[in-house]
Amino acid sequence: MKIKSLELKNFRNYSSASVQFGDGLNVLHGQNGVGKTNLLESVYLCSIFKSPRTTKDKDLVKLGETSATVKLVVEKKYRKHTILLQIDSAGKKKVAVDGIPIDRAGELLGILGVVFFSPDEMKLVKESPVERRRFLDVGLSQQQKSYFISLQRYNKTLKQKNNLLKEYRYSSNIDDMLDVWDAGLAKEGAILIERRKQYIATLNDAAGKFHNIISGQKEQLKLSYETSISGADDISQKLLEAIKASRQKDKELGFCSVGPHRDDIKIELDGKDSRKFASQGQQRTIALAMKLGEVVIYRDDIGETPVLLLDDVLSELDENRQKILLQMTNEFQTLLTCTQYDLPVPASKFLISDGVVKRG
Ligand SMILES: Nc1ncnc2c1ncn2[C@@H]1O[C@H](COP(=O)(O)OP(=O)(O)OP(=O)(O)O)[C@@H](O)[C@H]1O
Ligand SMILES: [Mg+2]
């Protein structure tokens, strides 16, 4: 799929901007602090309905203004969609697709597919499992609405259960309530575990290939899903048993300590745990391979390529890796930001200066 155009009004540091993107590689260049990442953020919002970098949506509105709008036109194989996003100064977001208001984020998912890569994504390898679960949840939710629905139900139930465990853990009569919630957690949690396992198995192949290309086949990357629930059958039943078995402990802890909200992606290079041992360069290569793998899985499953958003990643990569990455961008529409434009490949170029976008 391709983003044809993007219009911003009072979004971050943009008063009013309008961009018509080209196919393939689009380079957004300009000095630090001019609004390059802000522009990618606006695109990401039209896909995921959440910012990749803030949870304070009111910060998305230009200081001193009352509301921001982002209007994006995406062209897919068989049709075009116009996404109109509005954010008010309290941070409340509203979205309409082709003029029809949408109440739930789940309905926006799947309209515009994106894969976002920034230097922050290095966190994927070494930081806490939260980042790796987010990677899975965002990737899967974009491809499978049913995954997103299960995820929402699971998280809601988990929150209620944790509140109860925190507030009333010493009361004797919470077990009936816990039984109800545990059944819900086991049902939805099993869906999350099954889908994540499948996704990681596919990603292991796709990311492994990219990793070989980028690293020159020096080391073998292996990705696997790490969960306390073993085996491939009866996951729901096993999860329920595990949750029940830890009830006493969880009452003492004051939170639910078993389930997919505690799972992780195991990342290994030649059998060594990269989460502990990967060097900076290895982390970069792994994160990039995982992101490119995400693009390919999306394309193979959905039959459309997602738009690749590359924020400031070139300076982080050596020349060879830059070349490999840029070669790939021929195949998809890519929006790439950088401070200096000196790429040896053809691209549509945009110069950004203080919230103004110009071709060239
Ligand atoms: N709500 C807002 N209202 C006005 N300006 C804002 C708002 N939010 C962010 N900005 C401004 O946007 C600018 C940062 O934009 P952005 O992060 O997109 O820069 P960048 O071009 O990606 O820079 P770098 O090359 O350093 O990554 C800052 O000057 C910041 O003050
Ligand atoms: Mg930036």
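The values are calculated or read from the model by the stated rules, or taken from the named source; none is laboratory data. Just so you know, these numbers come straight off a predicted model, no measurement behind them. As a convention, Cβ positions derive from the backbone with ideal geometry for all residues, glycine included, and neighbour counts pool all protein chains shown.
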task: Would you mention how many residues in the range 325-345 are modelled with pLDDT of 80 or more and surrounded by 18 or more Cβ atoms within 10 Å (Cβ to Cβ)?
output: 9
query: Considering GLU41, GLU65, which residue is within 10 Å of ligand 1 (Cβ to nearest atom) and either in the same structural domain as GLN142 (by TED's automatic domain parsing) or surrounded by fewer than 21 Cβ atoms within 10 Å (Cβ to Cβ) (or both)?
result: GLU65
- line: For the range 68-87 the number of residues that are surrounded by 19 or more Cβ atoms within 10 Å (Cβ to Cβ) and of a type in the set (D, E, K, R) is 0
task: Answer yes if at least one residue in the range 135-142 is in contact with a Gly (Cβ under 7 Å, 6 or more places away or on another chain) and either closer than 21 Å to TYR199 by Cβ or modelled with pLDDT of 95 or more (or both), and no otherwise.
output: yes
message: Tell me yes or no: at least one residue of the range 206-227 is over 30 Å from PHE21 (Cβ atoms), of a type in the set (Asp, Glu) and out of contact with any strand residue (DSSP E or B) (no Cβ under 6 Å at 6 or more places or on another chain).
response: no
- request: Output the strands (runs of 3 or more DSSP E) that fall wholly within the range 23-118 and possess 2 or more residues being within 16 Å of ligand 2 (Cβ to nearest atom) and not aromatic (Phe, Trp, Tyr), or say none.
  value: 25-29
task: Under 6 Å between Cβ atoms, at least 6 apart or on separate chains: pull out the pairs that start in the range 161-173 with a residue that is loosely packed, with under 14 Cβ neighbours inside 10 Å and end on any residue that is part of a loop (DSSP other than H, G, I, E, B).
output: LYS166/GLY254
query: Which residues, taken from the range 13-38, are touching a residue at least 12 places away in the same chain (Cβ under 8 Å), near ligand 1 (Cβ under 8 Å from one of its atoms) and either within 19 Å of VAL115 (Cβ to Cβ) or surrounded by fewer than 19 Cβ atoms within 10 Å (Cβ to Cβ) (or both)?
result: ASN13, GLN31, ASN32, LYS36, THR37, ASN38
- prompt: Restricting to the range 343-355, what's the tally of residues that are at negative phi and within 16 Å of ligand 2 (Cβ to nearest atom)?
  reply: 4
- request: Name the single residue, out of those in the range 253-297 being of a type in the set (Ser, Thr, Tyr) and crowded, with 21+ Cβ neighbours inside 10 Å, that is farthest from LEU178 (Cα to Cα).
  value: THR285
Complete set of residues in the range 1-12 that are more than 12 Å from ligand 1 (Cβ to nearest atom) and not in a loop (DSSP other than H, G, I, E, B): LYS2, ILE3, LYS4, SER5, LEU6, GLU7, LYS9
Options ARG275, ARG284: the member that is farther than 30 Å from GLN340 by Cα and basic (Lys, Arg): ARG275
message: Among (1) away from ligand 1 (no atom under 12 Å from the Cβ); (2) acidic (Asp, Glu); (3) within 25 Å of SER16 (Cβ to Cβ), there is one condition ASP354 misses while meeting the rest; what is its number?
response: (1)
query: Hey, among ASP179, ASP233, which residue is part of a helix (DSSP H, G or I), in the same structural domain as ASP273 (by TED's automatic domain parsing) and free of Cβ contacts under 8 Å to residues at least 40 places away in the same chain?
result: ASP179
task: Give the residue that is farthest from LEU288 (Cα to Cα), with candidates limited to residues of the range 298-315 that are more than 16 Å from ligand 1 (Cβ to nearest atom) and part of a strand (DSSP E or B).
output: VAL307
